[in-house]
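Chemist: Please see the structure below; I have some questions.
Since every read-out is calculated from the coordinates, none of them should be taken as a lab result. This one's a predicted model, so the numbers in the text were calculated from it and none came from an experiment. Note: ideal-geometry Cβ built from the backbone for every residue, glycine included; neighbour counts use all protein chains shown.
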Amino acid sequence: MTYTAKTAKELRSEKGSLSKKLATQLGLIETELDGINRAAASYTLSKALALGVFGDATGLALSDDLVDALGIYAELPATGTALTAGKVAAGMWSRFLVNKAQTNDVSLFGMEAQMRVKANLGDGVHASLWAYFEQSGTVTLASPGMNGAISVTVEGSAGLTVASGAYLAGMVIDSSVASGAIMTGSFDAINIKKSGSSYAWKNGICIRDNAATTGVSIGACTTGIDIVGAVTRGIRVGTHDWGVGSTGLEISTTDPLLQVAGKVTGEDVAQGVYVCSYNQLALINDQDEDVSMMASWNELYVTDADLTGSSNYAAVWGHIEAAGTVVSSTGNMSPLHGSLIIPANYTNASGALLGGCIVDIILHTSMTNNGVIAAFAIGSHTDPNQGDWQYGLYMPANNVVTGIYIGTCSGACIHMAGGADGSAEGDFWYDAAAHVLKYRDNSAVKTIAVTG
């Protein structure tokens, strides 16, 4: 006995799930459909199968009574047998085999999901593809299994060549939105969110060990990374540890863990401040506790190490290098520059120190010192072509009330090792009782009267 296949129009007019009616029809009209062969547990089609007609107002009409144009329902029954190791099962499986080289500009997809919107959309979730991973009951996701709503794999053999200018990516996100579109809301290539009180993602994006040569590569854009929400820690590179068990990232090359390289190539650029890195800490409320606040902190931690040779170690290193023919401005040029901008209503409390540069020391009295310890030191020449500093300390006129202020010293207030003009080594110090300035000329102690 044979049965006449029902048309899509006839199926649309019936209530219920179209997918269920389609399954019923396939079972009844196997002798009427050209190219269909029935096997023991599946059907094999040798020709294309279309549901509806491509175009405007010619597709399968969906409604409250009919919300799925095609439904596929599969399961691994609780009473069944677990799959053999290595098996891959899918509710829907699609394979597109390309055996012919394509030389023209074409687009090929293993599966295409398209939703064309020609009417306003209200609240809700709207997407061309919805991948939905749902868990129910008591379930354990065992290690090291990978579980997710979407799994993307790129597989290639040793014979693969990705030509210069070509892209091979796990995911390509392209914007074909016209530049005249009105974007008052959010427009994101990837938008990561959570629903209500749901569990927050532990990592918005996680790149596993050795999974990428460059974790994140950003081309030309207005802002590379913009953190605008409330965060506990903006960006962390490695894990900080005060003790000897440092958990920071291992540095195995001269490449820095954090590198910021900028350049100014324009001529006669607009007036302003141009910086590679800018740190700001805004303090806007009263503070009653003993705290320290700094816009930037750099620390070099040395523990159980013998440092030999003539290497340099510093928590902060400032470096300026001029090359070619350079004519300076009338401003300042220095590897380190500090400035204080203090308004009239600022009060410097008694005992407080307000300084352009403050150097503190926590030096154990039992340490062994065979060299020089200095708060400020001008190093010796390392290049035979280097010239001498014109001044070791320079204070322009009318900028300083007291040129040098020296409190109580355990040794000499000023010590001179002698100059190239033949002047002798000596010390200067102030004798408060005698109200004189004393200095040592070789072994003789001489005095200079202090008036005023």
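Chemist: Any idea what angle helix 18-28 forms with the longest principal axis of the chain, computed on alpha-carbon atoms, 0 to 90 degrees, nearest 10?
Modeler: Tilt relative to the chain: about 40 degrees.
Chemist: Between their Cα atoms, which of Lys194/Lys263; Lys47/Lys87; Lys47/Lys194; Lys118/Lys202 are more than 32 Å away from each other?
Modeler: Working: Lys194/Lys263 40 Å; Lys47/Lys87 28 Å; Lys47/Lys194 43 Å; Lys118/Lys202 37 Å.
Over 32 Å Cα-Cα: Lys194/Lys263; Lys47/Lys194; Lys118/Lys202.
Chemist: If packing is taken as the average number of other Cβ atoms within 10 Å across a peptide's residues, how do 396-405, 65-74 rank, most packed first? Before the final figure, lay out each step's value.
Modeler: Details: 396-405: 6.9, 65-74: 11.7.
Per-residue Cβ counts within 10 Å, averaged per peptide and sorted highest first, yield 65-74, 396-405.
Chemist: Moving on to the next point. Only Cα pairs under 8 Å and at least 6 apart count here; give the relative contact order of the chain as a rounded whole percent.
Modeler: Reported as a whole number, the value is 4 percent.
Chemist: Per-residue ellipticity at 222 nm for the chain, helices alone: DSSP H runs ≥ 4 residues times -39500 (n - 2.57), over residue total, nearest 500 deg cm²/dmol?
Modeler: Working: 2 runs with 16 residues, N = 452.
It lands at -1000 deg cm²/dmol.
Chemist: Considering every Cα-Cα pair within the range 285-333, what fraction, in whole percent, is farther apart than 16 Å?
Modeler: I get 72 percent for the Cα pairs in the range 285-333 exceeding 16 Å.
Chemist: Let me know the whole percent of all Cα-Cα pairs from the chain that are separated by more than 35 Å.
Modeler: 64 percent
Chemist: Hey, another quick one. Can you spot the aspartates and glutamates whose alpha carbon is less than 15 Å from Lys438's alpha carbon? Ignore those fewer than 8 places along the same chain.
Modeler: Here the aspartates and glutamates satisfying the reach criterion relative to Lys438 are Glu425, Asp427.
Chemist: Once you have a ≥ b ≥ c as the square roots of the Cα gyration tensor eigenvalues for the range 98-230, tell me rounded if a/c is under 1.5, and otherwise prolate or oblate according to whether a/b is larger than b/c.
Modeler: It comes out rounded by the Cα gyration axes.
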